[in-house]
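**Student:** Let me begin by handing over the structure; questions about it come next.
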Amino acid sequence: MPLPYVLLSAAVSLDGYLDDTGPERLLLSSPADFDRVDAVRASVDAILVGAGTIRADNPRLLVNSAERRAARTAAGRPEYPLKVTVTASGDLDPAARFWHTGGEKLVYTTDRGAERAARLLGRTADVVPLGPALDWRALLEHLHDERGVGRLMVEGGGTVHTQLLHHGLADELHLVLAPLFVGDPAAPRLFGPGGYQAGRLRLLDTRRIEDVVLMRYAPTAPGTGPLPVAADRHWLRTACELAALCPPSRTAFSVGAVVVAADGTELARGHSREGTDPVVHAEEAALAKTDPADPRLAGATVYSSLEPCARRASRPAPCAELILRAGVRRVVTAWREPDTFVAGADGTGVLRAGGAEVVVLPELEDLAMAPNAHLL
């Protein structure tokens, strides 16, 4: 199921403590950075904070700029983004400023917490139970499918940031580093202990804003099972963009492929009809650039804009077989192969029969199909 693009936003001190924006508390961001945050808020469909942050900081989470609010309404959007909070217990303060400023409010909670939250808030907010326990993927699916949220900004606290990263659901991290030492061992930290993704995050951008530095990061490590993570969407989008580099053809699809190790290291990439080979397929081209003895292939993921082929006339082995021979056991694709050239093509079936996990992300199907519009 498609999920919103999830952006985590936070400021930290030089010794790693999280911004605490409550009244009479330490502010790490500068005035110019607060204005940047306001611009990001104006750009998103919803803003989420944990119930603990509402209790501790009593935030309003508004778009403060009248010009930005006017631009939202001129574009046919609500004046303020949807405000969302998450609570397992339903323990919420109905007097908090969160409920009495801005636009619509939404509470995600457990079945048990829903009764308490509804009793405390009345008609102030919509309350959505997610089952016996909080389920972040179900929460994001509901936001996307039922509330039309395509872009979600998460402003804390540390527990919420930690959980979203643990589940591989954060697409981007905006981290502002402030030139302060806090030194208080009880001060909140940005992330808690637990299992995080393998490998290094990918640095997207850095920017100086007065005396603070904004750093934008994205995860790179592929998922490990049938459920996609944020990095899967990034790598599959890259494969779809590679497909646009293919020389046009009336007799073959344009496809892009990327091979990525478990720690997020790109091992190889390729696209159909690459170089001087008029019949090479994308997965074939990418795998040819890897070392067959590379132990990382066993834990790697192949991203292909089109389902790897199960049968072909131009080579002895189809791409599904090449992937299995390479030892790769996870494939992510955007588009199942139509019957245009091969009737009943089922590369997914070949891969699964060989023990590989196949994940399909239909939200990127249009991007994968675009270079092939003349064939469809």
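The values are calculated or read from the model by the stated rules, or taken from the named source; none is laboratory data. Predicted, not measured: the structure shown is a model, and the values here were computed from it. Every residue, glycine among them, receives a Cβ derived from its backbone with ideal geometry; neighbour counts consider all protein chains shown. We work out accessible area using only protein heavy atoms, side chains counted, and drop any ligands, DNA or RNA first. Shrake-Rupley method; radii C 1.70, N 1.55, O 1.52, S 1.80 Å.
**Student:** Determine Rg/Rh for the stretch 1-100; Rg is computed over alpha-carbon atoms and Rh is the Kirkwood hydrodynamic estimate from the same atoms. Before the final figure, lay out the partial values.
**Tutor:** Numbers: Rg = 14.6 Å, Rh = 15.0 Å.
Rg divided by Rh gives 0.97.
**Student:** If amide hydrogens are placed 1.01 Å from N in the peptide plane, which non-local residues have theirs closer than 5 Å to the one on Ala170?
**Tutor:** Long-range HN contacts for Ala170: Ala230.
**Student:** Given H placed on each backbone N at 1.01 Å, which residues far from Leu180 in sequence or on other chains put an amide H within less than 5 Å of it?
**Tutor:** Excluding prolines and chain starts, which carry no amide H, the hits are Leu14.
**Student:** Within the accessible area of the stretch 228-305, what % is carbon and sulfur when the probe is 1.4 Å and the other protein chains stay in place?
**Tutor:** Roughly 58 percent of what the probe reaches on the stretch 228-305 is carbon or sulfur.
**Student:** Taking a 1.4 Å probe, which of Phe341, Phe98 shows the most accessible area, and what order do the others take after it?
**Tutor:** Reading off the accessible areas and sorting them downward yields Phe341, Phe98.
**Student:** At what distance in nm do the modelled label points of Leu227 and Leu134 sit from each other, each positioned 7 Å from its Cα along Cα→Cβ?
**Tutor:** My value for the distance between the label points is 1.5 nm.
**Student:** Assuming R0 = 41 Å, what is the FRET efficiency of Asp93 and Arg200, from their Cβ-Cβ distance, to the nearest 0.05?
**Tutor:** In this case the efficiency is close to 0.55.
**Student:** Where both partners of a DSSP beta bridge lie in the chain, what percent of those bridges are antiparallel, to the nearest 5? Walk me through the intermediate numbers first.
**Tutor:** Numbers: 23 of 57 bridges.
Among the beta bridges of the chain, antiparallel pairing accounts for roughly 40 percent.
**Student:** Can you give me the orientation-averaged projected area of the convex hull built on the Cα atoms of the stretch 276-376, in nm²? If you can, show how the numbers build up before the last one.
**Tutor:** Numbers: hull surface 26.9 nm².
With every direction weighted equally, the projected area is 6.7 nm².
**Student:** If you line up the Cα atoms of the stretch 184-306 on their principal axes, what length do they span on each, largest first, in Å?
**Tutor:** Rounded to whole Å, the extents work out to 65, 36, 25 Å.
**Student:** Once the convex hull of the alpha carbons of the stretch 280-332 is built, what does its volume come to per residue, in cubic angstrom?
**Tutor:** It comes to 71 Å³ per residue, whole-number rounded.
**Student:** Ok, one more. Hey, if we sort Glu210, Glu146, Glu266 by accessible area with the 1.4 Å probe, largest down, what's the order?
**Tutor:** Glu146, Glu210, Glu266
**Student:** Report P(r) for the chain: all Cα-Cα distances, bin width 10 Å, range 0 to the bin holding the largest distance, values in whole percent.
**Tutor:** Using 10 Å bins, I get a P(r) of 5, 21, 27, 22, 16, 8, 1, 0 for the chain.
**Student:** Going 7 Å from the Cα of Arg147 along its beta-carbon direction, which residues of the stretch 49-74 have the amide nitrogen within less than 18 Å of the resulting point?
**Tutor:** 49-55, 59-63
**Student:** What is the stretch 135-205's relative contact order, in percent, from Cα pairs under 8 angstrom and six or more apart in sequence?
**Tutor:** 38 percent
**Student:** Output the peptides 184-195, 299-310, 122-133, 151-162 sorted from most to least packed, where packing is the average of other Cβ atoms within 10 Å over each peptide's residues.
**Tutor:** 299-310, 151-162, 122-133, 184-195
**Student:** So, one more: May I ask you to derive the FRET efficiency for Arg315 and Ala70 from their Cβ-Cβ distance with R0 = 56 Å, giving the value to the nearest 0.05?
**Tutor:** Plugging the Cβ-Cβ distance into 1/(1 + (r/R0)^6) gives 0.45.
**Student:** In µm²/s, what is D for the stretch 234-290 at 4 °C and 1.567 mPa s, where D = kT/(6 pi eta Rh) by Stokes-Einstein and Rh is the Kirkwood radius from Cα pairs?
**Tutor:** It comes out at roughly 115 µm²/s.
**Student:** If you take the beta carbon distance between Leu177 and Ala298 as r and set R0 to 45 Å, what does 1/(1 + (r/R0)^6) give as a FRET efficiency, to the nearest 0.05?
**Tutor:** Once rounded, the FRET efficiency stands at 0.75.
**Student:** For the stretch 87-239, what D do you get in µm² per second when you plug the Kirkwood radius from alpha-carbon pairs into Stokes-Einstein at 20 °C and 1.002 mPa s?
**Tutor:** Here the translational diffusion coefficient equals 120 µm²/s.
**Student:** To continue, here is another question. Carbon and sulfur together cover what percent of the accessible area of the stretch 31-87 at a 1.4 Å probe radius?
**Tutor:** Looking at the stretch 31-87 in its full context, I get 53 percent from C and S.
**Student:** Something else about it: Any idea what diffusion coefficient the stretch 158-255 gets from Stokes-Einstein, in µm²/s, Kirkwood Rh on alpha carbon pairs, 20 °C, 1.002 mPa s?
**Tutor:** Result for D is 131 µm²/s.
**Student:** How many angstrom separate the Cα center of the stretch 227-285 from the Cα center of the stretch 148-191?
**Tutor:** The distance from the Cα centre of the stretch 227-285 to that of the stretch 148-191 comes to 33 Å.
**Student:** Solvent-accessible area per residue for the chain at a 1.4 Å probe radius, Å²?
**Tutor:** 45 Å²
**Student:** Are there GluC sites (Glu not before Pro) in the stretch 1-98 that DSSP marks as loop and that have at most 11 other Cβ atoms within 10 Å, and which are they?
**Tutor:** Glu24
**Student:** Please check which bits of the stretch 293-315 a label hung off Leu376 would reach, taking the label as a point 7 Å along Cα-to-C-beta and the cut-off as backbone N under 16 Å.
**Tutor:** Residues passing the 16 Å test: 304-308.
**Student:** By the gyration tensor of its Cα atoms, with a ≥ b ≥ c the square roots of the eigenvalues, what is the shape of the stretch 307-363: rounded for a/c under 1.5, prolate for a/b over b/c, or oblate?
**Tutor:** Numbers: a/c = 2.03, a/b = 1.06, b/c = 1.92.
Oblate, because a/c is 1.5 or more while a/b does not exceed b/c.
**Student:** Run the helix sum for the chain: -39,500 (n - 2.57) per DSSP H stretch of 4+ residues, divided by residue count, reported at 222 nm to the nearest 500 deg cm²/dmol.
**Tutor:** Details: 11 runs with 100 residues, N = 376.
Using -39500 (n - 2.57) per qualifying helix, the result is -7500 deg cm²/dmol.
**Student:** Ignoring solvent entirely, what values of log10 I(q)/I(0) come out of the Debye formula for the stretch 120-188 at 0.15, 0.17 Å⁻¹ when each Cα is a single scatterer?
**Tutor:** -0.71, -0.85
**Student:** Which log10 I(q)/I(0) values does the stretch 60-157 give at q = 0.11, 0.14, 0.17, 0.24 Å⁻¹ under the Debye formula, counting every alpha carbon as one identical point scatterer?
**Tutor:** Listed by q, the Debye log ratios stand at -0.34, -0.55, -0.80, -1.35.
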